[in-house]
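What follows is a set of notes on a single structure, which appears directly below.
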Amino acid sequence: MLKIENLHASINGKEILKGVNLEINPGEVHAIMGPNGAGKSTLSSIIAGKEIYEVTAGKITFDGINLLELAPEERACAGVFMGFQYPIEIPGVSMVNFMRTAVNEHRKYRGQEPLLAADFLKLMRDKKALVEIDSKLTNRSVNEGFSGGEKKKNEIFQMAMLEPKLAVLDETDSGLDIDALRIVANGVNKLKTKDNATIVITHYQRLLDYIVPDFVHVLYQGKIVKTAGKELALELEDKGYDWIKKQFD
Amino acid sequence: MIIKEEIKNIVSEFEALHSGQFASVVAATPAFLKNIYNQSIAKFKSIGLPNRKNENYKYLDIANLFTKNYEKAITPTQVKVDINDIFKCDVPELDTNAIIILNGFYFSPDGNKINTLPSGAVVGSLSQAIIDYPELVEKYLNKSAEKSDEGLVALNSAFIQDGVFIYVPKDAKLEKPLQIIHLMMESKSIMAQHRNLFVFEEGSEGKVVICDHSLSPSEFLTNSVSEIFAAENAKIEVVRMQNEHNSSKQLTNTFIDQQKDSDVIINTLTLHGGTVRNNLFVNLNDEGCQNRAYGLNLTDRNQQVDNYVYINHAKPNCHSTQLYKGVLDDEAKGAFSGRIFVAPDAQKTEAFQNNNTMLLTDDAQMRSKPQLEIYADDVKCSHGSTSGQLDEDALFYMKARGIGDKEARMLLMFAFAHEIISKISVEPLFERVNNLVEKRLRGEMSRCNNCMMACDTNQKNN
């Protein structure tokens, strides 16, 4: 589904990614871990299409198409979802209007008619229940005045609405208390099918108690330096990143 | 910049018109009005027209707008076609009592120039009211405006002929919103100056919608004055929608005079227009008054929109809010100048002023000057101003959800403008304005009438 080959990227002339290789297949959950500054958020931003990064070498293909040639909105419509580490507040744009526009832009991309108002509202209701998000939140402006936990729940709600093939969740666990973490993780698990895939980017092993990965990758100094099964996360929790750092510094 | 000598010439031309052709047209006018004429023309002569040397007009050379040779509309326009054929208000569910002012004069196809509504309110032509209700008109006409030292106001007062007269008696409520449609339609370039007088007596209530339109592609200059009197406990909402073409110059001067516990909302939406200057003067003359003034301008190409607001907190315990927003595209220019004046004994005043502008290009320009002048020591006042671009992070967030660049920008701009639109309480109008603003922001035609003449586009000298 997603294939990243020898990806090099820099910002303001400083190289952050130095040859990342990663392959994700349908039905898989991948966790990317690593110390601060390893390039984890850079990788997710590049997949989503943030323009401040310059890709200097390598390629990313998604379902056989060159992802790097697509605009961010085209990537989203093609089925790539990015869960933001810091979701943006958009005062004055209601959640309903935001989601209706997003859903209908996805439909347009697939050559479908826009959803009827009643069908859309039903979809909202169903997905709200699925991810356990409060109706009060979806009646407000996008993320405006939401707590950290509410913002992250809202990301999962949007993911449920848009049903992406590939979700990249960038430190979705940061700033969450244990209850919110459970709700967010449950949402992700419920949305899992044999046809979609998830990349979970995290610092800590804790989230992976709830979202069980098939593969754990360690990103360090702009490269994936280690890949293993879920037991790697436990090992990292136990030994810390110094253990990895020593091997590569 | 236009120089003093040129202003003198313009003033002299108006004087000649005043003592010549105009004097003969208004020969039968009652004495009180003739007094207004004489005082006002003398005042106009001494003040003249503002140019950029005037601090309040620093960014818009008003005098320069008068250098073009407009024919002055001092007699009603004879219309050969049925105006209903070419103009139909396109707010279908807007259940209003509609009044048309054509080139500054009350337009009445059936000759009926003034009506008494079931509520007891009197609504119609000012010129007819001068004949039918001379005492009422004399009591109020020019009473706010005469205190002003604006040349434009004196100019309008020197030539008062017609406009809309509204009188709502004590405790009466206007059944429906009144809709005033100011139309400019002429094959020549003309200047018109209508004069509106709204009197709301004690405890009365009403909503007034004012629409400014241009229907033919000629160049127009409008210099209008509206005086609004709100007696004790009166509640008034005025929504003004400005939608003229690129060759029009529109100058509005609105006076709001409020008495004890009165509540006035005025919302000025400038959707389109070549050059627009709105002056708003609010006097809070007694305790417990509330005034809310809102403005929104959507300005593109080389249009220019200036808003000036003066709020006089003369007495204690009054509340005022001003919120003006603008979206400027292309090479558009905008200016906002607001001044809240709090008199020495106006304690417990609450006054808040804000101006926010969104600049869509590097060439758009906004000048903003919110000001507070406070002489009392126990007040709550604030003022602020922002100008900025669309939030790039918010744009990316929307794109990451599949929303394209154009649509994402639209959503953000609309969200920005919506705060002002949401203040409109006239229901179907609110919906329609929402719609119009969206169309306008999308760069589609924003004309809100089924006008057959596409005078909006392909203007020379726009």
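The values are calculated or read from the model by the stated rules, or taken from the named source; none is laboratory data. These figures come from a predicted structure and were not determined experimentally. Note that each Cβ is placed from the backbone with ideal geometry, even for glycine, and that neighbours are counted across all protein chains shown. Each accessible area value is taken on the protein alone, full model and side chains, heavy atoms only, with ligands, DNA and RNA left out. Shrake-Rupley method; radii C 1.70, N 1.55, O 1.52, S 1.80 Å.
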With a point put 7 Å past each Cα toward its Cβ, work out how far B:Glu427 is from A:Lys230 in nm, to one decimal.
5.7
Within the accessible area of chain A, what % is carbon and sulfur when the probe is 1.4 Å and the other protein chains stay in place?
48
Near-label residues of region B:36-65 by backbone N, under 14 Å of a point 7 Å along Cα→Cβ of B:Ala23:
B:37-39, B:41-42
Would you list the membrane-span-like helices of chain B, meaning whole DSSP H runs whose alpha-carbon atoms span at least 18 Å along their axis and whose mean Kyte-Doolittle value is at least -0.5?
B:4-17, B:31-47, B:405-421
Averaged per residue, what accessible area in Å² does the protein assembly as shown show with a 1.4 Å probe, protein chains only?
40
Can you tell me what share of the DSSP beta bridges in region A:125-249 is antiparallel? A percent to the nearest 5 is fine.
50
Express the relative contact order of chain B as a whole percentage, based on alpha carbon pairs under 8 Å and six or more residues apart in sequence.
11
Total formal charge among the other residues, if their Cβ is under 13 angstrom from that of A:Asn25, Lys/Arg +1 and Asp/Glu -1
-2
Once Rh is set to the Kirkwood radius over Cα pairs, what Stokes-Einstein translational diffusion coefficient, in µm²/s, holds for region B:135-252 at a temperature of 10 °C and a viscosity of 1.306 mPa s?
104
Would you tally the net charge around B:Ile236, using a Cβ to Cβ cut-off of less than 12 Å, leaving B:Ile236 out, and scoring K and R as +1, D and E as -1?
-1
Once the Cα gyration tensor of the protein assembly as shown is found, what semi-axes does its equivalent ellipsoid get, as square roots of 5 times the eigenvalues, in whole Å, sorted largest first?
61, 25, 24
Computed over the Cα atoms of region B:79-441, what is the convex hull's projected area averaged over all directions, in nm²?
18.6
Using Cα springs under 10 Å in a Gaussian network model of chain A, which residue among A:Leu232, A:Leu181, A:Leu121 shows the largest mean-square fluctuation?
A:Leu121
Within 10 Å of each candidate Cβ there may be at most 15 other Cβ atoms; applying that plus a DSSP loop requirement, which chymotrypsin sites (Phe, Trp or Tyr not before Pro) in region A:168-226 survive?
A:Tyr204
To the nearest 0.05, how large is the calculated FRET efficiency for B:Arg367 and A:Thr61 if R₀ is 45 Å and r is the Cβ-Cβ distance?
0.30
How about region A:36-128: which GluC sites (Glu not before Pro) there lie in a loop by DSSP and see at most 14 other Cβ atoms within 10 Å?
A:Glu51
Taking protein heavy atoms only, a 1.4 Å probe, and rounding to whole percent, the accessible area of chain B owed to carbon and sulfur comes out at 46
Mean projection area, nm², convex hull over Cα of region B:278-423:
9.2
Provide the gained length on full extension for the span B:Ala16 to B:Glu55, in nm with one decimal, where the gain is 0.36 nm per separating residue minus the Cα-Cα distance.
11.2 nm
Within the under-9-Å Cβ sphere about B:Arg195, not counting B:Arg195, Lys/Arg +1 and Asp/Glu -1 give a net charge of -2
Restricting things to alpha carbons, tell me how big region A:2-248 is in terms of Rg and Dmax, in Å.
17.9, 58
Looking only at lysines whose Cα falls under 16 Å of B:Lys43's and that sit 8 or more positions away or on another chain, we get B:Lys8, B:Lys34, B:Lys143, B:Lys147
Find, among the trypsin sites (Lys or Arg not before Pro) in region B:306-377, those assigned to loop by DSSP (not H, G, I, E, B) with at most 16 other beta-carbon atoms within 10 angstrom.
B:Lys348
Rounded to the nearest Å, the spacing of the alpha-carbon centers of region A:36-96 and region B:253-311 is 44
